[in-house]
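Peer 1: Would you mind keeping the following structure in view while I ask a few things?
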Amino acid sequence: MPIVAPSLLSANFLNLQADCELLNKSEADWYHLDVMDGVFVPNISFGPMLIHFFRKATAKTCDVHLMIEKPERYLTAFKEAGADIITVHAEACIHLHRTIQQIKELGIKAGVALNPHTPVASLTNVIRDIDLVCLMSVNPGFGGQQFIPSTLPKITELKKLISQYNSAALIEVDGGVTLENAPSIIEAGADVLVAGNTVFKSKDPLQTIASLKRMGTNT
């Protein structure tokens, strides 16, 4: 079964406690927490302070996705806020390998995200050092976008790279994941589904999360 990681970017920020309680009693595995700086992506979301409160609200894994320039400046702050996984963008890191090492030295898991235009082959020299690869299936910055179909062969290519180098990295897909396309995403090789609007705009979020979890048993 896939790991389901609802994106809190789509939650109700006037009532975050209720949405956290909903996720805590759901079959969701992770909290996916999108940090945006208005520079790397054309949007601003939240920072370590809010992640500190999410950490207090849950025992589930806090999967922190840094869509920011020079993320190495803030790794310690996000670790101290409660991140279990920190994912940085390959496009935002001049010294990607060094940044991965810095995350690992903090005692947490390291992920690398790739924008839609960035080739999988760019990870060849770090694939054995990372715990997670986040493939962006939309252009990052905003929720509610449509899934980019060319992500599917990219997932398959990444799966082959992971196998070739005997890496333990999980494949996370972020953007436009729905109940309709999730089976194809899992079949292509994804391990983690990030779902924002699909969960929080659903009439029955608990059932939607349960349905996403069961996708893996139908492929």
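Nothing in this text is a laboratory measurement; each read-out follows from the coordinates by a stated rule. None of these values were measured; they are calculated from a predicted model. Counting neighbours? That spans all protein chains shown, and the Cβs are built from the backbone with ideal geometry, glycine included.
Peer 1: Tell me the Kirkwood radius of the range 1-71: reciprocal of the mean inverse pair distance over distinct alpha-carbon atoms, in Å.
Peer 2: This gives a value of 12.7 Å.
Peer 1: Given C-alpha coordinates of the chain, what is the ratio Rg to Rh with the Kirkwood estimate of Rh?
Peer 2: In the chain, Rg relative to Rh is 0.93.
Peer 1: Report the gain in length on full extension from GLN164 to MET49: 0.36 nm times residue separation, minus Cα-Cα distance, nm rounded to one decimal.
Peer 2: Taking 0.36 nm per residue and subtracting the Cα distance, the gain is 37.5 nm.
Peer 1: How large, in Å, is the range 90-140 by the Kirkwood hydrodynamic radius built from its alpha-carbon pairs?
Peer 2: About 11.3 Å for the range 90-140.
Peer 1: Let me ask you something else. Could you work out how far apart the two model spin labels at SER184 and GLU157 are, taking each label as a point 7 Å from the Cα in the direction of the beta carbon, and quote it in nm?
Peer 2: The modelled label-to-label distance comes out at 1.7 nm.
Peer 1: Hey, another quick one. When the distances between all Cα atoms of the range 1-121 are binned every 10 Å from zero, what whole-number percent does each bin get?
Peer 2: Answer for the range 1-121: a P(r) of 13, 46, 33, 8, 0 percent.
Peer 1: Of the peptides 109-117, 126-134, 13-21, how do they stack up when ordered by the mean number of other Cβ atoms within 10 Å, highest first?
Peer 2: Averaged packing, sorted descending, gives the order 126-134, 109-117, 13-21.
Peer 1: For the range 50-115, report the translational diffusion coefficient in µm²/s to the nearest whole number, using Stokes-Einstein at 25 °C, 0.890 mPa s, and a Kirkwood Rh over Cα pairs.
Peer 2: Calculated translational D: 208 µm²/s.
Peer 1: So, one more: At a Förster radius of 22 Å, what calculated FRET efficiency corresponds to the Cβ-Cβ distance of ALA210 and LEU14, to the nearest 0.05?
Peer 2: The pair ALA210/LEU14 has a calculated efficiency of 0.30.
Peer 1: Where does each of 96-102, 174-180 land if you order them by average Cβ count within 10 Å, highest first?
Peer 2: 174-180, 96-102
Peer 1: Rounded to the nearest 500 deg cm²/dmol, what is the calculated helix-only ellipticity per residue at 222 nm for the chain, with -39500 (n - 2.57) per DSSP H run of length n ≥ 4?
Peer 2: Mean residue ellipticity, 222 nm, calculated: -9500 deg cm²/dmol.
Peer 1: Still on this structure, please answer the following. Taking 4 °C and 1.567 mPa s as the conditions, I'd like the Stokes-Einstein D for the range 141-193 in µm²/s, using the Kirkwood hydrodynamic radius from alpha carbon pairs.
Peer 2: After rounding, the answer is 112 µm²/s.
Peer 1: Let me ask another. Need the list of lysines near LYS201 for cross-linking: C-alpha distance under 20 angstrom, and skip anything on the same chain fewer than eight residues off.
Peer 2: Of all the lysines, those that pass the test against LYS201 - Cα under 20 Å, at least 8 places apart if same chain - are LYS25, LYS213.
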